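Before any comments, here is the structure.
The values are calculated or read from the model by the stated rules, or taken from the named source; none is laboratory data. Everything quoted here is computed from the prediction, not taken from an experiment. Note: ideal-geometry Cβ built from the backbone for every residue, glycine included; neighbour counts use all protein chains shown.
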Amino acid sequence: MSGSRSKLKTAFKKARTIGPLYTGGAVAITADGKWLVTCVAEDVVLTDIAEGAEICRFVSDKEPVTALCITPSGKQLAVYTSSTALRIYDLPTSSAPLSRLVHPARTIPRAHEAPVHVCKADPTSTYLASGAADGTVKVFDLARGFATHVLRGHGGVVSALAWSFPRGPSLGLEERALRLITASVDTRVRVWDLVRGAETARKGKTVKPDAVLEGHVSVPRGLDVTEDGRYLISGGRDSVVLVWDMEGAGKGGKKGKGKEREEVPVLVNTVTVLERVEAAGLLREHEEVAGTSGIAGRLRFWTAGEKGVVRVWDGKRGSVICTLGEEQEASSADQEEQRQILDAIYVPSTSTIISVHADQNILFHSLRTQSLSRQLIGFNDEIIDAAFLRSPSAEHESHIALATNSSLIRLYSTHSLDARLLTGHTDIVLCLAASSSGSVFASGGKDKAVRLWAPVAPAAGDAWGWACVAICEGHAESVGAVAFSRQDGPAGALKFLFTGSQDRTIKMWDIASVPGSASDAALARCKSLSTTKAHDKDINALDVAPNDALLASGSQDKSAKVWAIDARGAFTLRGTCRGHKRGVWSVRFARGERILATGSGDRTVRLWGLEDFACLKVLEGHGNSVLRVDWMGGTGEGGGSGQVVSASADGLVKVWDVGSQECVATLDGHEDKVWALSVSRDSQTIVSGAADSVVTIWEDCTEEQEAEKEAARTEIVLKEQDFQNYLALNDYQRAISLALSLSHPGRLYKLFHDLAAAPAPGASITGHPAVDEVVRTLAAPDLAQLLRYVRTWNARAGTAGVAQRVLNAIVRLRPSEDVVRAFDGPPGSFNEEGESGGKKGRPGEGNVRELVEALIPYTERHLARMERLVQESYVVDYVLGEMDGLLGDEGEDGMDVELIAHQGRSM
């Protein structure tokens, strides 16, 4: 027993949390492609993409974010909310997570008169342009925080912005003119010369655009200009992209008369893209696109819109170069709306186009490989079930499958935010189960079907995923439970699968022919070997014993049943476990012996023996229904030394020591019902998912914690020995400092008490000159700690004498400024019980005042007690004197009484 107890896992740490990343709104990314800024409700979150960790959050005004952007330098973030305020934040300089909110470096309360929908910083990170719903465009100086330009003329909401700042050594000053291109719902695109506009504004005249481009018949949503400023593209919801020559030379692009004639942009090509364009942009001149060798250097642009894919186009020929992503067939109008792209961002440094979809997913498309390099899922609804998976090339669990309140299955990497969505079910997925190898998993849902998924052979780049390889159909109601065989068949093949449904039946399926990896072959249709009506109500859970000989089922009829599995494909009832007062939500066989664990709505976990199906133990401690149970590792003989993990509707995950029936660890990481629970094969990791849309990965840190505790105990023992050595050597300086650092008020009290009782070697206040010197030179933190101990000692009559002696030494040896400085800090910080002390005055005065107020009442009480003792001593003297007078001065008896009285006075 002791050997097994030493292996108990009693401490777990949060290794990773998968929470909401994006719930809608604007998205921005740094120029190096490492950091992503997203909106989660009214909060703005900065995330490290590679590490999958949240870096920080920014202080908000609790209003919805309407627009945001990161400067090209990656140093500042500009955020607009529906309050029309502009907040400019300085981004952190490292990826280390910050525990505090980041406050804005500059705030402009009413930057616009109407909500801002688009904003963008210029290539030099000097200016910020923003377009509002009232058709006004403003340009702000980011360093100084004022508007340099106010551009009016649009007939509605400003829908797109682009900067034109030609760069290159061959360009003259005039050719490097800073221009701003804007578009609005009036379908027109306007070109503004900001240098000329500033001169016009200084003269008191109205700033007008250099050119107004007409060609769209619907809202332009995407604008971009080539690096040399020659070409402009504009894509709109009219399903076309227009290519404009900004110089217009030799093509009739002139306006004005005589010498004042100026070149204006000319439409040179119209590309029909056959979908509403929500974002468009130009590729770099030398951008590498897989499979398109020989056309680099041409005018190429990309579009994204309602069909949910990104297309790369040849700007001059108007033909598609490649398509990034897969166009999904939408079975309903709602699905069609969810698949469309709302925005897209081109990151030249990583050759990536990032698409933001209406279903709150963010996809990273690699231009070099024409593949999906990364996918971030912005928001998971209620987490219903979870299962650990293992890719064929991994030694341990590498991915997690999640069933949420959706028909899509989420696949997450255990080490990053990279995820995939699996489509196939037509209704909400309710349950998941992994095979014995962990590479194949099954899912059941409200569409009455069960699908089996196998890993896809990795393609070029970092592509990975699972695909549906088989389907099981036959249930009349929703499938709420699935369970694989625990052992593999010949050559590692799958053996059988059990499914349980709301139709109260259990089906056994032959899955021996299901492939272990996905291919282009048609879906396999699995055959049902047997069907049995198992319970009187919905079946919630199934599990197969480690030897594949038994099947357990749990139901809302408050019972769990154990079935014997026949090798011929049948299963018969062996016994029924009765005792729960509410429905059974989860059943799980122990990994090492014949014990079954069940979790129920009656808030308990019960352990059952499989010989007589009697209840062996009841684990109580949850405050609500137990929704999931699982075992950690194997168990010893008799089932007395294993560990059970349980998840409950109270939002807690508990780890139990079966031998003592005690909860050895409580994992608090959720705020709602914990529906999903899975334990890794090596029992080192627990994953829990809840209705709060949060998935938490817990890692065992028992050995680390024990090592830390042992190191701390060793250090304390060594310090205590040092303390005794210092006392033996009369090294009071180090002894007192060590006692204060160890927080040992008892040892410190004994030191002062022994000094007071021993004869002093010289004139001193505390009882020893060396101790007086220690009090005189004590550091501020140690002085404050000593005064806290004095306050505690002074509250008791038995220790008040030492307290008063030490307090007397401090008052006489240290100036009052030292005492105030010792408590320098936030008001109330000296009060360790959490009492508020927010008093005004110099730093530390409020804390000293609290200390004095705590000392005075007890000191007055001690002085009053001493006064009473003195008065009572005079009463004794008076009584003895009266006794002397009554007995007289003569006689032997009188001499005795006089001697007694004399002795009494001397006492």
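Count, please, the residues in segment 216-234 that happen to be within 43 Å of the chain's Cα centre (by Cα), of a type in the set (A, V, I, L, M, F, W, C) and not in a strand (DSSP E or B).
Count: 1.
Out of curiosity, is Arg591 closer than 23 Å to Asp682 by Cβ, outside any strand (DSSP E or B), touching a Gly at 6+ places or on another chain (Cβ under 7 Å) and in contact (Cβ under 8 Å) with a residue 24 or more places away in the chain?
On the way: closer than 23 Å to Asp682 by Cβ: yes; outside any strand (DSSP E or B): yes; touching a Gly at 6+ places or on another chain (Cβ under 7 Å): yes; in contact (Cβ under 8 Å) with a residue 24 or more places away in the chain: yes.
Yes: the conditions hold for Arg591.
Out of Ile736, Ile697, Ile716, Ile765, report the one residue that is closer than 17 Å to Thr17 by Cβ and touching a residue at least 24 places away in the same chain (Cβ under 8 Å).
Result of the check over Ile736, Ile697, Ile716, Ile765: Ile697.
Do you know which residues across segment 61-75 are at negative phi, in contact (Cβ under 8 Å) with a residue 24 or more places away in the chain and surrounded by fewer than 20 Cβ atoms within 10 Å (Cβ to Cβ)?
Asp61, Pro64, Pro72, Ser73, Lys75
Residues are listed down the side, and each one gets a yes or a no for (1) out of contact with any Leu (no Cβ under 9 Å at 6 or more places or on another chain); (2) on the phi > 0 side of the Ramachandran plot:
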site	(1), (2)
Gly583	yes, no
Ile595	no, no
Gln643	no, no
Gln661	no, yes
Trp675	no, no
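List the pairs whose first member sits in segment 308-321 and is closer than 20 Å to Asp343 by Cα and assigned to a strand (DSSP E or B), whose second member is among the hydroxyl-bearing types (Ser, Thr, Tyr) and at pLDDT below 90, and whose Cβ atoms are under 9 Å apart, counting only residues at least 6 apart or on separate chains?
Here the result reads Val312/Thr292, each pair linking segment 308-321 to a residue that is among the hydroxyl-bearing types (Ser, Thr, Tyr) and at pLDDT below 90.
Within the group Ala96, Ala31, Ala50, which residue is in a loop (DSSP other than H, G, I, E, B), among the small types (Gly, Ala, Ser) and within 25 Å of Asp381 (Cα to Cα)?
On the way: Ala96 fails: within 25 Å of Asp381 (Cα to Cα); Ala31 fails: within 25 Å of Asp381 (Cα to Cα).
Testing whether each residue is in a loop (DSSP other than H, G, I, E, B), among the small types (Gly, Ala, Ser) and within 25 Å of Asp381 (Cα to Cα) leaves just Ala50.
Which of the residues belonging to segment 646-674 are farther than 21 Å from Gly583 by Cα, surrounded by fewer than 22 Cβ atoms within 10 Å (Cβ to Cβ) and more than 20 Å from the chain's Cα centre (by Cα)?
Filtering segment 646-674 down to residues farther than 21 Å from Gly583 by Cα leaves 655-671.
Now restrict to residues that are surrounded by fewer than 22 Cβ atoms within 10 Å (Cβ to Cβ): 657, 659-669, 671.
Of everything in segment 646-674, those that are farther than 21 Å from Gly583 by Cα, surrounded by fewer than 22 Cβ atoms within 10 Å (Cβ to Cβ) and more than 20 Å from the chain's Cα centre (by Cα) turn out to be Asp657, Gly659, Ser660, Gln661, Glu662, Cys663, Val664, Ala665.
Which residue out of Ser73, Ser99 is out of contact with any Ser or Thr (no Cβ under 7 Å at 6 or more places or on another chain) and either among the polar types (S, T, N, Q) or closer than 22 Å to Ala198 by Cα (or both)?
The conditions single out Ser99.
Quick check: anything in segment 468-489 in contact (Cβ under 8 Å) with a residue 12 or more places away in the chain, in a strand (DSSP E or B) and surrounded by fewer than 18 Cβ atoms within 10 Å (Cβ to Cβ)?
First, the residues of segment 468-489 that are in contact (Cβ under 8 Å) with a residue 12 or more places away in the chain: 468-489.
Adding the requirement that they be in a strand (DSSP E or B) leaves 468-473, 479-484.
Among the residues that remain, those that are also surrounded by fewer than 18 Cβ atoms within 10 Å (Cβ to Cβ) are: 471, 473.
Yes: segment 468-489 contains one or more residues that are in contact (Cβ under 8 Å) with a residue 12 or more places away in the chain, in a strand (DSSP E or B) and surrounded by fewer than 18 Cβ atoms within 10 Å (Cβ to Cβ).
Any chance you could count how many residues in segment 103-131 are hydrophobic (A, V, I, L, M, F, W, C), in a strand (DSSP E or B) and free of Cβ contacts under 8 Å to residues at least 40 places away in the same chain?
1
Does Ala394 qualify as being without any contact (Cβ under 8 Å) to a residue 40 or more places away in the chain and small (Gly, Ala, Ser)?
Considered against the rule, which asks whether it is without any contact (Cβ under 8 Å) to a residue 40 or more places away in the chain and small (Gly, Ala, Ser), Ala394 comes out as yes.
Condition (residue is at pLDDT 80 or above and either β-branched (Val, Ile, Thr) or surrounded by 18 or more Cβ atoms within 10 Å (Cβ to Cβ) (or both)) applied to segment 830-837: is it met by at least one residue?
Checked against the condition, which is being at pLDDT 80 or above and either β-branched (Val, Ile, Thr) or surrounded by 18 or more Cβ atoms within 10 Å (Cβ to Cβ) (or both), segment 830-837 yields no hits at all.
Check Thr792 against each of (1) surrounded by 15 or more Cβ atoms within 10 Å (Cβ to Cβ); (2) at pLDDT 85 or above and name the one condition it does not meet.
In the conditions (1) surrounded by 15 or more Cβ atoms within 10 Å (Cβ to Cβ); (2) at pLDDT 85 or above, Thr792 misses (1) alone.
Here are some residues: Trp453, Trp464. Which one is in a loop (DSSP other than H, G, I, E, B) and farther than 19 Å from Arg568 by Cβ?
After applying the criteria, what remains is Trp464.
Please specify each residue of segment 406-426 satisfying the condition of being without any contact (Cβ under 8 Å) to a residue 40 or more places away in the chain and in a loop (DSSP other than H, G, I, E, B).
Listed by number, the residues that qualify are Ser406, Leu408, His425.
Taking Glu853, is it under 60 Å from the mean Cα position of the chain (by Cα), at pLDDT below 60 and either within 21 Å of Val790 (Cβ to Cβ) or not basic (Lys, Arg) (or both)?
Working: under 60 Å from the mean Cα position of the chain (by Cα): yes; at pLDDT below 60: no; either within 21 Å of Val790 (Cβ to Cβ) or not basic (Lys, Arg) (or both): yes.
When the stated conditions are applied, Glu853 does not pass them.
Residues are listed down the side, and each one gets a yes or a no for (1) among the hydroxyl-bearing types (Ser, Thr, Tyr); (2) in a helix (DSSP H, G or I); (3) within 13 Å of Asp630 (Cβ to Cβ):
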| residue | (1), (2), (3) |
| --- | --- |
| Trp656 | no, no, yes |
| Val664 | no, no, no |
| Arg681 | no, no, yes |
| Thr696 | yes, no, no |
| Arg713 | no, yes, no |
| Gln721 | no, yes, no |
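Within segment 595-623, take every residue that is without any contact (Cβ under 8 Å) to a residue 40 or more places away in the chain and part of a loop (DSSP other than H, G, I, E, B) and give me the one that is surrounded by the most Cβ atoms within 10 Å (Cβ to Cβ).
Within segment 595-623, the match that is surrounded by the most Cβ atoms within 10 Å (Cβ to Cβ) is His622.
So which residues in segment 191-215 are in contact with a strand residue (DSSP E or B) (Cβ under 8 Å, 6 or more places away or on another chain), part of a loop (DSSP other than H, G, I, E, B) and over 17 Å from Met246 (Cβ atoms)?
Of everything in segment 191-215, just one residue is in contact with a strand residue (DSSP E or B) (Cβ under 8 Å, 6 or more places away or on another chain), part of a loop (DSSP other than H, G, I, E, B) and over 17 Å from Met246 (Cβ atoms), namely Val207.
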